[in-house]
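What follows is a single structure, written as structure tokens, with notes after it.
The values are calculated or read from the model by the stated rules, or taken from the named source; none is laboratory data. Everything numeric in this text was worked out from a predicted model, so none of it was measured. Don't worry about glycine lacking a Cβ; one is built from the backbone with ideal geometry, like all the others, and counts go over all protein chains shown. Side chains are part of the model used for accessible areas, which takes the heavy atoms of the whole protein and leaves out ligands, DNA and RNA. Shrake-Rupley method; radii C 1.70, N 1.55, O 1.52, S 1.80 Å.
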Amino acid sequence: MSLLVVGLSHRSAPVSVLERASLAAETQAKLLQDTLAAEPAVEAAVLATCNRIELYADVDKFHAGVAELSTLLARHSGVGLDELTPYLYVHYEDRAVHHLFSVACGLDSMVVGEGQILGQIKDALALGQELHTAGRLLNDLFQQALRVGKRAHSETGIDRAGQSLVTFGLEQLAAGADVTDWARGKRALVIGAGSMSSLAAATLARAGVAEIAVANRTRARADRLVEILGQPGGTGVIARAVEMAAVADELTRADVVVSCTGATGLVLTAEAVAGALGLALDPAHEAPAASVPAPPADPDRHAAWVENGTAGTVRQAVRRATVPAQDAGPVRLALLDLAMPRDIDGGTARLGGVRLVDIESLAEASADAPMAADVDQVRAIVGDEVAAFGAAQRAAHITPTVVALRTMAAGVVAGEIARLDGRLPDLDEKQRAEISQTVRRVVDKLLHAPTVRVKQLASEPGGAGYADALRELFDLDPQTVAAVSRADLNDPNRGRS
């Protein structure tokens, strides 16, 4: 196994760099294809989320692999290599396995313990399978990562250490208040109908909002999400789909907006939000001019709600590094931007009565989130699973050689039985069968102990050389071993998610 991962995440890079380096779906596909075309890589998979971009590959040369994968990430992200390099991290072999398993368990997430990453890992594997860039190693790796993540969530209380990014974001909008109390009776606008937006809509519905409007570029997907929200036995929320062109009008009715789309530009500008609230922006995009006081909220268009308990909240997640937050007075419109790159203009945080929470402010707030005691238990699970995966991969590496050895032995037996038939043509069928069976038993017994032992030795650290030794000792044809490996790799039932 020569597994290599090169990537960047919220732990290694500022959000501004992650935002610029984000990869659209078509770009991810092209990145995988170009990675396979590069000489050092024979398999590739990409894990791209709102707070991480990681390229996994099976490489035959470490240094060449690091250089090539770094260059490819820079080329496809549009961020210069010199600028990107300081934020990249590299993991190799067992450390790369440990990293992915930790990611799958939520240990490396912005919100520790969140489970949505499992769906994103599954999507990364599905893309690699669809494009035929994920072979035996990455199929096994990502399948096992999914199992490890599920084990961590089922055997420990890691879920108590954190929530989904959506839940965490809503908690920051609520600013210390109970989310259910905060959300009850509000009107919500959800922009986008992908997995994150769907989770946001469902979470808002469970929290007790009165109405949800869903806007999406593809109207059919918005209709489908509305249909799911309105299913019998659900929360009873009023849900409706609207066109993207109607977003400006919906802003005048909304109390809370959640946006997560794949757009490359802003979906909500500061001007649009200011217009919906009846505010005026000066030409420099600063706060509303003092001579233009904000009008009181129309009770028919905005639910009356006042922020309580703002003092002492965790890191005040609405604060952006360069944008002063509005900490005092009533909040008329709460904005949650879960997109990368961002959907909502950061300038909206300057508007009176507007609270903005985005990926950057969530990263700041999560730095102070308490760690659960279960994290140590999950780390122990990850350590055990990494060791087991490494042993299984090393054992699997020698299996084609063992199969080739047994195939050669079977050929020797068949040849000797054929020669015996020529020397003793008068043997009857029963005698011939008994002799054949005896010879096969002798060969099997002679091979049993060394083949079992060599698999055990090969599964231990440093055991990669046993396959080469076995081939040398028995003068096995390398082409035969390769043929066994190809047959295993091309098994249609192997590694499908």
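Here are a few things to note about the model shown:
- Net charge contributed by nearby residues that have their C-beta within less than 12 Å of residue 389 (K/R +1, D/E -1): -3
- For the set 91, 132, solvent exposure ranked by accessible area (probe 1.4 Å, protein chains only) runs largest to smallest as 132, 91.
- Extension gain, residue 271 to residue 238, is 9.0 nm, computed as 0.36 nm per intervening residue step minus the present C-alpha separation.
- Straight-distance crosslink candidates among aspartates and glutamates, where the alpha carbon sits under 13 Å from residue 122 and sequence neighbours closer than 8 are dropped: 130, 140
- Only one residue of 106, 63, 80 has its Cα farthest out toward the positive end of the dipole of the range 28-137, where Lys and Arg carry +1 and Asp and Glu -1 on Cβ, and that residue is 106.
- Cα gyration tensor shape of the range 149-213, rounded if a/c is under 1.5, else prolate or oblate by comparing a/b with b/c: oblate
- Take the Cβ atoms of residue 71 and residue 132, set R0 to 25 Å, and the FRET efficiency comes out at 0.65.
- Over 28 Å (Cα to Cα) - which of 61/455; 30/61; 30/455 fall in this group: 30/455
- Per-residue SASA entry for residue 260, accessible area with 1.4 Å probe, Å² rounded to 10: 30
- Take each peptide in 352-359, 73-80, count the other Cβ atoms within 10 Å of every residue, and average; sorted highest first, the result is 352-359, 73-80.
- Largest to smallest in accessible area, the residues 445, 30 fall in the order 445, 30 (1.4 Å probe, all protein chains included).
- Computed FRET value (nearest 0.05) for residue 469 with residue 16, which takes r as the C-beta separation and R₀ as 56 Å: 0.60
- Summing Lys and Arg as +1 and Asp and Glu as -1 over all other residues whose Cβ lies under 14 Å from the Cβ of residue 416 gives a net charge of +4.
- At R0 = 35 Å, FRET efficiency that the Cβ-Cβ distance of residue 457 and residue 412 yields, to 0.05: 0.90
- Where labels lie 7 Å past Cα in the beta-carbon direction, separation of residue 264 and residue 442 in nm: 7.3
- Area of residue 63 that stays accessible when all protein chains are in place (1.4 Å probe, Å², to 10): 150
- In the assembled protein chains, residue 195 presents an accessible area of approximately 90 Å² (probe radius 1.4 Å).
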